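A short worksheet on the structure shown next.
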2 protein chains.
Amino acid sequence: MTSKPNPIKVLVVDDHPLLREGIAALIMNQTDINLVAEASNGREAIEKFRSHRPDVTLMDLQMPDMSGIDTIIAIRHEFPQARIIVLTTYAGDVLAQRALKAGAQSYMLKGHVRKDLLDTIRSVHAGRKSIQSEVAAQLADHVTDDALTSREVEVLALVAAGNSNKLIADKLSIADETVKGHVSSILSKLGANDRTHAVTLALKRGIIQL
Amino acid sequence: MTSKPNPIKVLVVDDHPLLREGIAALIMNQTDINLVAEASNGREAIEKFRSHRPDVTLMDLQMPDMSGIDTIIAIRHEFPQARIIVLTTYAGDVLAQRALKAGAQSYMLKGHVRKDLLDTIRSVHAGRKSIQSEVAAQLADHVTDDALTSREVEVLALVAAGNSNKLIADKLSIADETVKGHVSSILSKLGANDRTHAVTLALKRGIIQL
DNA sequence: GGATGCATCCCGGAATAGAATGATTCTCGA
DNA sequence: TCGAGAATCATTCTATTCCGGGATGCATCC
């Protein structure tokens, strides 16, 4: 084991140019880490991954075209050994859960980063997982309650858009009694007082987006 | 008018270290702009402003302690000539409106920035206002409709938290008929179908926060 | 093959929300 | 000081939401 093997090749995927600059500046001082490519959306991320084969990818979740989660899935499908660190503004346990399930090794909040980021890059490159304590705490808060089904999320999104149960029934081509059932289930799973509360809780937890 | 007067002194206020790094990196290459101080919250921002008297301040809106808007108001109260550029992740016409009313000269979205930022710093330092076209378009979308009153915003926040009209009435010590009146007014002003829709619209427009 | 979870449908009833309208008080700025 | 806008309370009526309960196909997983 030499003290200076090949530097770790890093790809940054984020639609904020300023943040990419920041990461570039941070990495530039490190001898064992090399920033080899940047991308500002999912499509580009996949291309750059193919051409540069980075050891570690830093990935934002919200991007113009393809969502970060879908991008992770696509990359991991093609390169199952890909190591990915999610770097995002938003908390939300469910979002983190989905990202980790999609194959990310780490989930970091942009607000809580400085030298941790470099350590995390090294750690993930070495094959370890690394979850920030804030994120881990959020995940732990909700391990007991069961997740919404995809249908329920679909219904909830329509609720958030201001549709009545009847309208949702029409749009999904199901009976409105069914919609009522879904809404009841959503309220109980989220511990919400009413549909409005359910929407704000779901937004906080990253279950739905605006 | 010489071509190289004193460089423009800039203060950056943002709780994201990475973003501050990015701005620092961007400014470092400019001869006519100097980054003289950084702050990661409102209190610190005011201190740094006092000690450094920057020509232009870049300010994020969401920060741990004091809100960006309050910080702008505090700074402008003490230094009415302060020139402030708001640099934030979130759109939301009402948020932008409030920031501009508080005395900001410019409102930029972090996602849409690269060299515009430098131009904007120079432009604002020269005494001009500079509103990004995306933000201007959003502002224009809502110039006609009248704003919510502070009481209405208060009610809406309680609605978002999942309170029934009756509960809101209790918490505000008013009759629930009054609450209904406020809610009706909110719905009509925002063009919402129901209270849930009102909440999501208000979140999008920066009228309330999660 | 049984268990489990999901999506679907149905019912009835109580509570809540929302529309429409009118009236009173108060403040603040023109 | 006059008027506009706010906030308040009230009444009536209808639509919608939410809570019980129960029931059916249909997957998947062990």
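Descriptive notes on the structure:
- Under the condition of being more than 10 Å from chain A (Cβ to nearest Cβ) and crowded, with 22+ Cβ neighbours inside 10 Å, the residues counted in segment B:191-207 number 2.
- Listed conditions (1) touching a residue at least 24 places away in the same chain (Cβ under 8 Å); (2) more than 14 Å from chain B (Cβ to nearest Cβ) are all met by A:Asp119, apart from (1).
- Hits in segment B:57-91 - residues which are under 9 Å from the mean Cα position of the chain (by Cα) and not hydrophobic (A, V, I, L, M, F, W, C): B:Asp60, B:Gln62, B:Ser67, B:Gly68, B:Thr88, B:Tyr90
- Against the list (1) within 14 Å of chain A (Cβ to nearest Cβ); (2) over 21 Å from B:Ile207 (Cβ atoms), the condition B:Thr89 fails is (2).
- The single condition among (1) within 14 Å of another protein chain (Cβ to nearest Cβ); (2) over 20 Å from B:Asp194 (Cα atoms); (3) more than 12 Å from DNA strand D (Cβ to nearest atom) that B:Ala136 does not satisfy is (1).
- Scanning segment A:99-116 for residues that are within 23 Å of A:Asp70 (Cα to Cα) and either touching a residue at least 40 places away in the same chain (Cβ under 8 Å) or within 14 Å of another protein chain (Cβ to nearest Cβ) (or both) yields a total of 4.
- Considering (1) in contact (Cβ under 8 Å) with a residue 40 or more places away in the chain; (2) part of a loop (DSSP other than H, G, I, E, B); (3) more than 14 Å from chain B (Cβ to nearest Cβ), the lone condition that A:Pro80 does not fulfil carries the number (1).
One line per residue, one yes/no per condition, for (1) buried (at least 18 other Cβ atoms within 10 Å of the Cβ); (2) at pLDDT 90 or above:
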position	(1), (2)
B:Glu47	no, yes
B:Leu58	yes, yes
B:Gly92	yes, no
B:Asp116	no, no
B:Glu134	no, no
B:Ala140	no, no
B:Val143	no, no
B:Ala147	no, no
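- Answer residue from segment B:9-45, given it is among the acidic types (Asp, Glu) and crowded, with 17+ Cβ neighbours inside 10 Å and is farthest from B:Lys115 (Cα to Cα) among those: B:Glu44
- Long-range neighbours under 8 Å by Cβ, at least six apart or interchain, first residue closer than 13 Å to B:Val155 by Cα within segment B:174-193, second among the acidic types (Asp, Glu) and near DNA strand C (Cβ under 7 Å from one of its atoms): B:Leu187/B:Asp194
The values are calculated or read from the model by the stated rules, or taken from the named source; none is laboratory data. The structure presented is a predicted model; accordingly, all values stated were derived computationally and were not measured. A quick note on method: Cβ atoms are made from the backbone with ideal geometry, for glycine too, and the neighbour counts reach across all protein chains shown.
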